[in-house]
Structures are given as C-alpha cells and as structure tokens.
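What follows is a single structure, written as structure tokens, with notes after it.
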Amino acid sequence: MVIKLIFFLIGAIVGSFLNSAIYRLPRRKSLLFPGSYCPQCGHKIHYWDNVPLLSYLVLKGKCRHCRKNIPVRYLLVELLTASLFTVFYILYGLSYEFLFYITLLIVLIIVTFTDLETKRVLNIVVFTGAVLAFYMSLIFWPLNFIYSLIGFLTGGGVLIFWAVIGKLLFKKESLGYGDIKLAAMIGIFLGLQNTLLALFLSFSLATLIGIFMIMLKKARMDSKIPFAPFLALGSLLSLIWSDELFSLYWKIIG
Ligand SMILES: [Zn+2]
C-alpha cells in the first residue's frame, strides 16, 4: 500500500513537470528555465504554491497573484499521471517494462494535451519517444527488436493507408502527418498485435465520439477532430487490457 502511494506521489510530481512541458514545448520555451510561473500574469510561483494536486485545491484553481483561473488541465494531468503511475506499478512492478511503458505514457500525455490545445502533434516529442523506444527495446530485449520494428511499420503503414483512403473518399485530409508519425512511434512500444488493437480502438472511439458530437451539434461532418488523443487512449486501453480484449474477441467469433 505504501509503495503504491509512493508511486502515486512520484506520478503527481512527474505530472506537474508534464504540465509545464505541455505549456512550454509548443511555445518553444526552455523546459528548465525559468522555474514555474503563472502563464497569465508571469508571476513566479513559490514552491509552497507548487505542490502537485494540493496547491490547485488549496488555491481553488486560481493564481495567488492575479486571481485568474488556472486551467483545470493542470489538475487533470497531475491526477492522470499519478493514477497511471500506480496502475503501471501494479501491472509491471519495478521492472524494465515499467520504465519502457512509463516512457510511452509520458509521451502520450504530452502529445494528447498539446494536440487538444494547439491542434498540433509536436515532432520533437514524437521523435524523442521513437528514439527512446528503439534504444530501450534494443538494450532491454535485443531479441525483440524486430518486434518493435514490425510495430513501427504497422502503426505508420495502417495510418498512411487510412490517410490515402480518407483522401479518396472525402477529398480532404482526414489524418495529419503528425498522426501518422505518432502511430508509428506507438508501434515501436506496442509491437504488431497490440498496435493493431490500439488502432482499432482509436478509430472506433473517434468514430463514436465524432457521431456523438455531430448529434450534439458540437461538430459537423467536415470538422477536424484532433486524433492524437484517441491514439493515446486506444494505446493505453490496449496496453492495460489487451489479454482481456483478445479473449473476449475469440469468445465472440469462436
Ligand atoms: Zn497569475
């Protein structure tokens, strides 16, 4: 129990760095300097106002200096990272797998929230993720390197295929280059089988949410909905529940 709590706290601290990265990377600001500051008034945030999770609640989501609202994303990212650190610890213990998949998790969180806020999938994040994934795969499980390579080609290949089909059918770009690169990077982490499952889940969820948003008149048929968050969600679901989902699948078709 104590060790799970420790992983939750480490996750919350990592989440607070991810929040800063999500704000700074698209603006090409340094990740290290200066220290934390309010994005609205620029005032330095003291360490006692910078405690992950707690400060947001104590300050009721407002900056101490300018009293403007701090986006709820700050709380959400900290909570999400903390929870998933705990889940990954339960799944993998302290192991190479834990490090490998936490790296994927960190990339997915940054990519999801920067895509939601700026409608861009950041090359630097996807590229760094891909290099780390190949490197870790090579040193942890050299025999599985081919597995990662096949995942990379599958992720990229399926999305290129869909981008071409989408262009032929709807005469417009349905997927961006960023989404294709992201799917290829996810493939390095997940390998062939889980990448296919992740893509299937991502497309299904995106279609469902898209229909739902059109029904609620929040989107139109030709609206561009960011796809990276769906890729991230599909990848996490496939990582955590692939065994259950595959056995369900065999039960249904068997
Ligand atoms: Zn402020």
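Take Ser223 and tell me if it is closer than 21 Å to Trp141 by Cβ and small (Gly, Ala, Ser).
Values: closer than 21 Å to Trp141 by Cβ: no; small (Gly, Ala, Ser): yes.
So Ser223 does not fit the description; no.
Can you pull out the residues in region 43-87 that are within 17 Å of Phe7 (Cα to Cα) and charged (D, E, K, R)? The answer is Glu78, and nothing else. In region 36-65, the residues that are more than 23 Å from Leu9 (Cα to Cα) form Cβ pairs under 8 Å with partners that are of a type in the set (S, T, N, Q) and within 13 Å of the ligand (Cβ to nearest atom), at six or more places apart or across chains, as follows: Lys44/Ser36.
Of these, Leu199, Leu190, Leu159, Leu175, which one is within 18 Å of Gly234 (Cβ to Cβ), under 19 Å from the mean Cα position of the chain (by Cα), outside any helix (DSSP H, G or I) and of a type in the set (A, V, I, L, M)? Step through it out loud before you land on a result.
Details: Leu199 fails: outside any helix (DSSP H, G or I); Leu190 fails: outside any helix (DSSP H, G or I); Leu159 fails: outside any helix (DSSP H, G or I).
Checking each option against the conditions leaves just Leu175.
So which residues in region 22-50 are away from the ligand (no atom under 16 Å from the Cβ) and closer than 12 Å to Tyr74 by Cβ? Scanning region 22-50 gives a single hit, Ile22.
No other residue among Tyr74, Tyr92, Tyr101, Tyr96 is within 16 Å of the ligand (Cβ to nearest atom) and either of a type outside the set (Gly, Ala, Ser) or surrounded by fewer than 19 Cβ atoms within 10 Å (Cβ to Cβ) (or both) apart from Tyr74. Once region 51-70 is narrowed to residues that are within 12 Å of the ligand (Cβ to nearest atom) and surrounded by 17 or more Cβ atoms within 10 Å (Cβ to Cβ), the residue that is farthest from Leu18 (Cα to Cα) is Cys63.
Could you tell me whether Ile110 is among the aliphatic types (A, V, I, L, M), under 24 Å from Lys29 (Cβ atoms) and either modelled with pLDDT of 95 or more or out of contact with any Lys or Arg (no Cβ under 6 Å at 6 or more places or on another chain) (or both)?
On the way: among the aliphatic types (A, V, I, L, M): yes; under 24 Å from Lys29 (Cβ atoms): yes; either modelled with pLDDT of 95 or more or out of contact with any Lys or Arg (no Cβ under 6 Å at 6 or more places or on another chain) (or both): yes.
Criteria met by Ile110.
The values are calculated or read from the model by the stated rules, or taken from the named source; none is laboratory data. If you're wondering where the values come from, they're calculated on a predicted model, not measured in any experiment. No Cβ is skipped: glycine too gets one built from the backbone with ideal geometry, and neighbour counts run over all protein chains shown.
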